[in-house]
Structure formats: C-alpha cells, structure tokens
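What follows is one structure encoded as structure tokens, with my remarks underneath.
The values are calculated or read from the model by the stated rules, or taken from the named source; none is laboratory data. From a predicted model like this one, the values you see are computed outputs, not experimental measurements. Please note: Cβ atoms are built from the backbone with ideal geometry, for glycine as well, and neighbour counts cover all protein chains shown.
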Amino acid sequence: MEFDRRWQPLGESLALSADELHVWSACLDLDQGSVSNLRGLLSRDELDRAERYRSGVDRRRFIVARALLRLILGRYLGMSPERLRFRCGPYGKPSLAIEQGKWGVEFSVSHSSGMVVYAVGRGRRIGIDLEQVRDMPDLGRLVERYFATSEQAEFQALSPQQRLEGFYRCWTRKEAFVKAEGRGLAFALDQFEVSLTPGEPARLLKVNGNPQEASLWRLFDLQPAEGFVGAAAAEGHNLHITGWQWIE
C-alpha cells in the first residue's frame, strides 16, 4: 500500500481511479477579493447558511470551504462548480445529488482553525478529520469519556510527553472512521478501537458487535501543515493515497 506524503500543487486535469484516495489541503483565510469571487459559486442554501454565522471570520471560512469543495469536485466530474448539487443522508452525511452521484465519487470534509482538508474517492466509503494541536487541560476527562477501555489503558501507558499527540492521533482516527461509516452521533466513539501510540501505524483494531468490520478498513495519518494532525479512513484495500494542495 503506497502513500505519497508530498502535498502537490493542483494540476489542470484530475483523474481518480477506483484504487486511489486523494486528500486535499487548503487555507481558508483568503483576502476579501478572493472570498467575494468564491461566494458566487455557492447555492442560495449555502449562502443562507453562511449568513447564520455571527463571526465574520467563521462566515468567510465557511464560504471558502464550500466553494473549494465545489471547485475540487467539479474537476473530477468535468462540471462547472455552480452546477453541483448535494444531499444529506439520514444521519447528516453529505454526498452528491443522485443524478451527479452516478460517477461514484465520494467525499469527506473537515476543517480546523484556518485550514480545511478534503478526501475524495470513488466507489468506497471514506472519511477525514483535521484538528489543530493545542494544549488541553481536560485531556484526561476527554479520554475517560470518549475512548474505549483499551484505548484509555494505552493512553495511560504513554509518557507525559507523548500524551497530547496520542490523544489527537486517536481522536482524528476515530472521527475519520465515524464520518466514513456514516452513522454520525449514533455511532459512539467508545464502541470501536483504534491505535494511538505515536510512531505506530494507524489501525482500526476492533468494532464492537462486528468482528470482521475492522479488517475491511484502512486508516491513514495526515499532517498537511505544521501544528495540525489529521486522519483519513477508507473502506477497502490496496489503496494509493496522494496529498494535493490547493493554492490560490
């Protein structure tokens, strides 16, 4: 299984085979002129959602994140970004509308602070999560509340210097899998187990109530920028994952 860890600039054309997973990174904090141009790509519903943000920074970041999603997916589908239509599943997972989903393109989005990441695949469930690493005084409480018993034990076995990274590795792997699996909050984070020790491979170890499920998935660690930790989850095997960078 290959993993090209370079973050590559955008090419003019994009092809995506069934055994590929493309991961994109982009900065959300663009100048006002760029934000105004990107705003024109959004649907009326997306613009209404943007207006609900009280913070101007959050509003601009939402606009950029949605517009870049449209631009990226448009490259794969050979469609203008304005024409793309989306729908939500029963648990809120977004996907392309039925008439545009016939190409089998799946996607997942996550943003943290001023950065966004996208995962794009074909014909398989995928998920992605991104977090900005910051000190957390209530780390132990979060571990006890959200981690499975075995994960709590693995976390406690880490040195104090490893625990912050271990927490974020675990958290992003869990969130990526939950997004890919598609059940949202109905799938409790302590009902499955992932690896978390820094330096060890990202793995889905166990899913309660389904002994075979863990073997069907692959997890990948991501670090698209200094100070950020991420993970991607994809259903299936023999995947080639490539990182791309959107540069304005």
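For a quick check of your reading: which strands (runs of 3 or more DSSP E) sit entirely within the range 58-139 and have at least 1 residues that are farther than 19 Å from P224 by Cβ? Can you show your working first?
Values: elements: 86-88, 94-96, 105-112, 115-122, 126-132.
Per the criteria, 86-88, 94-96, 105-112, 115-122.
Can you tell me which residue within the range 99-121, out of those that are of a type in the set (S, T, N, Q) and out of contact with any Asp or Glu (no Cβ under 6 Å at 6 or more places or on another chain), is modelled with the lowest pLDDT? Reasoning before the result, please.
Going residue by residue through the range 99-121, those that are of a type in the set (S, T, N, Q) are 100, 108, 110, 112-113.
Filter once more, keeping what is out of contact with any Asp or Glu (no Cβ under 6 Å at 6 or more places or on another chain): 100, 108, 113.
Numbers: Q100: 67, S108: 97, S113: 93.
Among those residues, the one meeting the criterion is Q100.
For the condition out of contact with any Ser or Thr (no Cβ under 7 Å at 6 or more places or on another chain), under 20 Å from L222 (Cβ atoms), of a type in the set (K, R) and modelled with pLDDT under 95, what is the one hit in R75, R61, R85, R6?
Numbers: R75 fails: under 20 Å from L222 (Cβ atoms); R61 fails: modelled with pLDDT under 95; R85 fails: under 20 Å from L222 (Cβ atoms).
Only one candidate qualifies: R6.
Among the residues of the range 78-111, which ones are over 25 Å from E175 (Cα atoms) and crowded, with 19+ Cβ neighbours inside 10 Å?
Hit for the range 78-111 is P81, nothing else.
Scanning for something under 16 Å from the mean Cα position of the chain (by Cα) and either buried (at least 23 other Cβ atoms within 10 Å of the Cβ) or not charged (D, E, K, R) (or both), does the range 131-140 turn up at least one residue?
So the first thing to find is which residues in the range 131-140 are under 16 Å from the mean Cα position of the chain (by Cα), and the list is 131-133.
Retained after the next criterion (residues that are either buried (at least 23 other Cβ atoms within 10 Å of the Cβ) or not charged (D, E, K, R) (or both)): 132-133.
Yes, that holds for at least one residue.
Could you list, in sequence order, all residues of the range 191-248 that are in contact with a strand residue (DSSP E or B) (Cβ under 8 Å, 6 or more places away or on another chain), farther than 17 Å from D129 by Cα and polar (S, T, N, Q)?
Q191, N208, listed by residue number.
Which one is nearest to E106 (Cα to Cα), of the residues in the range 141-187 that are small (G, A, S) and in a helix (DSSP H, G or I)? Talk me through it step by step, then tell me what you get.
Step one: of the range 141-187, the residues small (G, A, S) are 148, 150, 153, 157, 159, 166, 176, 180, 182, 184, 186.
Narrowing further to those that are in a helix (DSSP H, G or I): 150, 153, 166, 176, 180, 184, 186.
Values: S150: 32, A153: 35, G166: 29, A176: 14, A180: 10, G184: 16, A186: 21 Å.
Residue satisfying both the conditions and the ranking: A180.
How about the range 108-164: which of its residues are in contact with a Phe, Trp or Tyr (Cβ under 6 Å, 6 or more places away or on another chain) and of a type in the set (F, W, Y)?
Y118
Report every pair of residues separated by at least 6 positions or lying on different chains whose Cβ atoms are under 6 Å apart, first residue within the range 134-163 and without any contact (Cβ under 8 Å) to a residue 40 or more places away in the chain and under 16 Å from P198 (Cα atoms), second assigned to a helix (DSSP H, G or I) and of a type in the set (A, V, I, L, M).
Q152/V143
When both residues are 6+ apart or on different chains and their Cβ atoms are under 7 Å apart, which pairs have a first residue that lies in the range 50-63 and is within 12 Å of D29 (Cβ to Cβ) and without any contact (Cβ under 8 Å) to a residue 24 or more places away in the chain, and a second that is exposed (fewer than 11 other Cβ atoms within 10 Å of the Cβ) and among the β-branched types (V, I, T)?
That search, which allows pairs on different chains as well, returns nothing.
I want to confirm something. Restricting to the range 9-47 and keeping residues that are part of a loop (DSSP other than H, G, I, E, B) and of a type in the set (D, E), which single residue is modelled with the lowest pLDDT?
Of all residues in the range 9-47, those part of a loop (DSSP other than H, G, I, E, B) come to 10-19, 28-31, 40-43.
Still in the list and also of a type in the set (D, E): 12, 19, 29, 31.
Values: E12: 55, D19: 92, D29: 96, D31: 94.
In this case the residue turns out to be E12.
Filter the range 209-227 down to the residues that are in contact (Cβ under 8 Å) with a residue 60 or more places away in the chain and either touching an Asp or Glu at 6+ places or on another chain (Cβ under 7 Å) or surrounded by fewer than 15 Cβ atoms within 10 Å (Cβ to Cβ) (or both) and list them by number.
Here is the first cut: in the range 209-227, the ones in contact (Cβ under 8 Å) with a residue 60 or more places away in the chain are 218, 220, 222, 224-225, 227.
The one that is in contact (Cβ under 8 Å) with a residue 60 or more places away in the chain and either touching an Asp or Glu at 6+ places or on another chain (Cβ under 7 Å) or surrounded by fewer than 15 Cβ atoms within 10 Å (Cβ to Cβ) (or both): G227.
Within the range 187-214, track down each residue that is among the small types (G, A, S), out of contact with any helix residue (DSSP H, G or I) (no Cβ under 7 Å at 6 or more places or on another chain) and under 21 Å from T149 (Cβ atoms).
Here is the first cut: in the range 187-214, the ones among the small types (G, A, S) are 188, 195, 199, 202, 209, 214.
Going one step further and asking which of them are out of contact with any helix residue (DSSP H, G or I) (no Cβ under 7 Å at 6 or more places or on another chain), we end up with 188, 195, 199, 209, 214.
A188, S195, G209, A214 - these are the residues of the range 187-214 that are among the small types (G, A, S), out of contact with any helix residue (DSSP H, G or I) (no Cβ under 7 Å at 6 or more places or on another chain) and under 21 Å from T149 (Cβ atoms).
From the set of residues in the range 176-189 that are crowded, with 16+ Cβ neighbours inside 10 Å and modelled with pLDDT of 90 or more, which is farthest from the chain's Cα centre (by Cα)?
Initially, the range 176-189 is screened for residues crowded, with 16+ Cβ neighbours inside 10 Å, giving 176-182, 187, 189.
Next cut, modelled with pLDDT of 90 or more only: 176-181, 189.
On the way: A176: 6, F177: 9, V178: 10, K179: 8, A180: 9, E181: 12, L189: 16 Å.
Ranking the candidates gives L189 first.
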